[in-house]
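Enquirer: Following this message is one structure expressed as structure tokens.
The values are calculated or read from the model by the stated rules, or taken from the named source; none is laboratory data. Predicted model only: the values in this text are computed from it and were never measured. Reconstructed Cβ throughout: ideal geometry from the backbone, glycine too, with neighbour counts over all protein chains shown.
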2 protein chains.
Amino acid sequence: MIDPVHLLSVAREEAELGKAEGGVPIGAALFDTDGVLLGRGHNRRVQDGDPSMHAETSAFRNAGRRPHYRDTIMVTTLSPCWYCSGLVRQFGIGRVIIGEAATFEGGHGWLEENGVEITLLDDPACTALMTEFIRDHPELWFEDIGVPTER
Amino acid sequence: MIDPVHLLSVAREEAELGKAEGGVPIGAALFDTDGVLLGRGHNRRVQDGDPSMHAETSAFRNAGRRPHYRDTIMVTTLSPCWYCSGLVRQFGIGRVIIGEAATFEGGHGWLEENGVEITLLDDPACTALMTEFIRDHPELWFEDIGVPTER
């Protein structure tokens, strides 16, 4: 049986790792539909100077090559941005479990319209992580989502 | 002045590199609106065992961190899949120059609806690269776009 709260705890551990490294505190993990972990990762923009490594993409990368991803579940601490929502749609990932969408709402509504099962947990710990980060590092946050800021 | 055909030639060189390495022959490059190259790359699924490195994502990665990407042009040999279309939308990339959309049509129509300038070149060399690849390596191609195949 899949316990969304347990799966989210793995993604949240990744977000906490990212925070401890001075990075954007967003974490993700890819599981199969039996709940077996395939890959986990976190945002690595700061750590690797790599703007392409959003949390979901990082977890997907760490899961590695598979014939397809139809039987997988993406778990993420934050509503997936368009980039990572596009990943879910392109690779046919069937379900997305989301920690919170209060601090940022990406494309999860679009995914739901396109047949992806969405579970939004409204997790206070995930919301607190992002609220604190956006307050303390607004320029880094807006860089991470491609939004120009006044200097 | 931007010459789309010249910019495409850089992406096509990347696709040819990918082909020579035994990889999926799709290339991309990110330029600024003055035509200055910011980053170039190609699909690295086979080379790195990395399903997240589609050509556009690879070029974006190699361009590195920027405050924002509003003043950039993504050039790709093939219509961007949903994953890479999501990248363009999320990071506010203003223009996409595409080699061909005959062998695969991703999200470029969706990008156009969302205000991205699309230039589709119908380049015969790009079409030939993909036609040959899909003919010779169908399982690798369908794996790359997340489509299950019968074994």
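Enquirer: Go through (1) part of a loop (DSSP other than H, G, I, E, B); (2) without any contact (Cβ under 8 Å) to a residue 12 or more places away in the chain; (3) in contact with a Ser or Thr (Cβ under 8 Å, 6 or more places away or on another chain) for A:D50 and report which single condition fails.
Expert: (3)
Enquirer: Give me the pairs, please: first residue somewhere in segment A:53-79 and facing chain B (nearest Cβ under 7 Å), second residue anywhere and β-branched (V, I, T), beta-carbon distance under 6 Å, and either six or more positions apart or on two chains.
Expert: So the pair list comes out as A:Y69/A:I93.
Enquirer: Considering every residue within segment B:122-138, establish whether at least one is within 13 Å of chain A (Cβ to nearest Cβ) and either within 26 Å of A:P80 (Cα to Cα) or in contact (Cβ under 8 Å) with a residue 12 or more places away in the chain (or both). Steps first, answer last, please.
Expert: Step one: list which residues in segment B:122-138 are within 13 Å of chain A (Cβ to nearest Cβ), which gives B:138.
Of the ones still in play, those that are also either within 26 Å of A:P80 (Cα to Cα) or in contact (Cβ under 8 Å) with a residue 12 or more places away in the chain (or both) are none.
There is no residue in segment B:122-138 that is within 13 Å of chain A (Cβ to nearest Cβ) and either within 26 Å of A:P80 (Cα to Cα) or in contact (Cβ under 8 Å) with a residue 12 or more places away in the chain (or both).
Enquirer: With the requirement that a residue be in contact with a Lys or Arg (Cβ under 9 Å, 6 or more places away or on another chain) and of a type in the set (G, A, S), what does segment A:59-80 give you?
Expert: Answer for segment A:59-80, where residues must be in contact with a Lys or Arg (Cβ under 9 Å, 6 or more places away or on another chain) and of a type in the set (G, A, S): A:A59, A:A63.
Enquirer: Which is buried (at least 18 other Cβ atoms within 10 Å of the Cβ), modelled with pLDDT of 95 or more and more than 16 Å from A:A15 (Cβ to Cβ), of A:G35, A:G99, A:G107? Please lay out each step first, then the result.
Expert: Numbers: A:G35 fails: buried (at least 18 other Cβ atoms within 10 Å of the Cβ); A:G99 fails: more than 16 Å from A:A15 (Cβ to Cβ).
One residue alone meets the criteria, A:G107.
Residues are listed down the side, and each one gets a yes or a no for (1) modelled with pLDDT of 95 or more; (2) in a strand (DSSP E or B); (3) closer than 15 Å to A:L121 by Cα:
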site: A:V5; (1), (2), (3): yes, no, yes
site: A:A15; (1), (2), (3): yes, no, no
site: A:G18; (1), (2), (3): yes, no, no
site: A:G22; (1), (2), (3): yes, no, no
site: A:G39; (1), (2), (3): yes, yes, no
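Enquirer: If you scan segment B:96-108, which residues turn out to be more than 14 Å from chain A (Cβ to nearest Cβ) and farther than 16 Å from B:G27 by Cβ? Full working, then the answer.
Expert: Restricting attention to segment B:96-108, the residues satisfying the condition of being more than 14 Å from chain A (Cβ to nearest Cβ) are B:97-103.
Selection gives B:A102 alone.
Enquirer: Also, quick follow-up: In segment A:1-50, how many residues are of a type outside the set (D, E, K, R) and out of contact with any helix residue (DSSP H, G or I) (no Cβ under 8 Å at 6 or more places or on another chain)?
Expert: Going through segment A:1-50, the residues of a type outside the set (D, E, K, R) turn out to be A:1-2, A:4-11, A:15, A:17-18, A:20, A:22-31, A:33, A:35-39, A:41-43, A:46-47, A:49.
Subsequent filtering for residues that are out of contact with any helix residue (DSSP H, G or I) (no Cβ under 8 Å at 6 or more places or on another chain) retains A:1-2, A:4-7, A:9-10, A:17, A:20, A:33, A:36, A:49.
Number of matching residues: 13.
Enquirer: Could you list, in sequence order, the residues of segment A:93-129 that are touching an Asp or Glu at 6+ places or on another chain (Cβ under 6 Å) and in a helix (DSSP H, G or I)?
Expert: Of everything in segment A:93-129, those that are touching an Asp or Glu at 6+ places or on another chain (Cβ under 6 Å) and in a helix (DSSP H, G or I) turn out to be A:C126, A:T127.
Enquirer: Please enumerate the residues belonging to segment A:20-52 that are of a type in the set (D, E, K, R) and within 12 Å of chain B (Cβ to nearest Cβ). Before you say what the answer is, go through the steps one by one.
Expert: Initial filter on segment A:20-52 (of a type in the set (D, E, K, R)): A:21, A:32, A:34, A:40, A:44-45, A:48, A:50.
Within segment A:20-52, A:R44, A:R45, A:D48, A:D50 qualify.
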